[in-house]
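Read the structure below first, then the notes.
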Amino acid sequence: EKIIANGLVEMGVLTGDLDGIIEAQLPAVFMPHGLGHNLGLDTHDVGGYPKGATRATRPGLKSLRNVRELKEGMVLTVEPGCYFIESEIKNALKDPAKAKNIKA
């Protein structure tokens with residue numbers, strides 16, 4: 001979150017201090033997906049949530065596809081990305097806590 005938030009500040013998309021931007025959950029507006037997934041028998045192996053694991057509910061974390069402890073030999077993808085999705089940005093601009101940090 002800090003890396004993408006810092007990049008968006010440097011590009012002039014966001015303004016303000018990083019802690020405030022993260023507290024307002026703005027990185028999730030531009031990165032609404034998980035970071036990756038396990039690779040296994042299927043391209044999108046579902047093994048990232050073992051029995052009893054709890055999914056995060058916070059924007060930016062709720063799309064994570066893996067909460068298990070990684071062990072030697074496990075393989076997963078890393079899919080970073082910054083997306084400018086008009087509907088996500090419009091929704092963020094309606095929220096005063098987010099809108100104050102977006103240069104529209």
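Among the residues of the stretch 21-46, those identified as at pLDDT 65 or above, open to solvent by 40 Å² or more (accessible area, probe 1.4 Å) and more than 12 Å from N101 (Cα to Cα) are P32, L35, L39, G40. When residues in the stretch 62-104 are screened for being over 13 Å from L14 (Cα atoms), without any contact (Cβ under 8 Å) to a residue 40 or more places away in the chain and either in contact with a Gly (Cβ under 7 Å, 6 or more places away or on another chain) or exposed (fewer than 12 other Cβ atoms within 10 Å of the Cβ) (or both), 17 of them pass. Hey, A97 hits all of (1) within 15 Å of I22 (Cα to Cα); (2) in a loop (DSSP other than H, G, I, E, B) but one; which does it fall short on? Failing condition for A97: (2).
The values are calculated or read from the model by the stated rules, or taken from the named source; none is laboratory data. None of these values were measured; they are calculated from a predicted model. Glycine also receives a Cβ, built like all others from the backbone with ideal geometry; neighbour counts cover every protein chain displayed. Quick note on the areas: whole protein, heavy atoms, side chains included, nothing else; ligands and nucleic acids left out. Shrake-Rupley method; radii C 1.70, N 1.55, O 1.52, S 1.80 Å.
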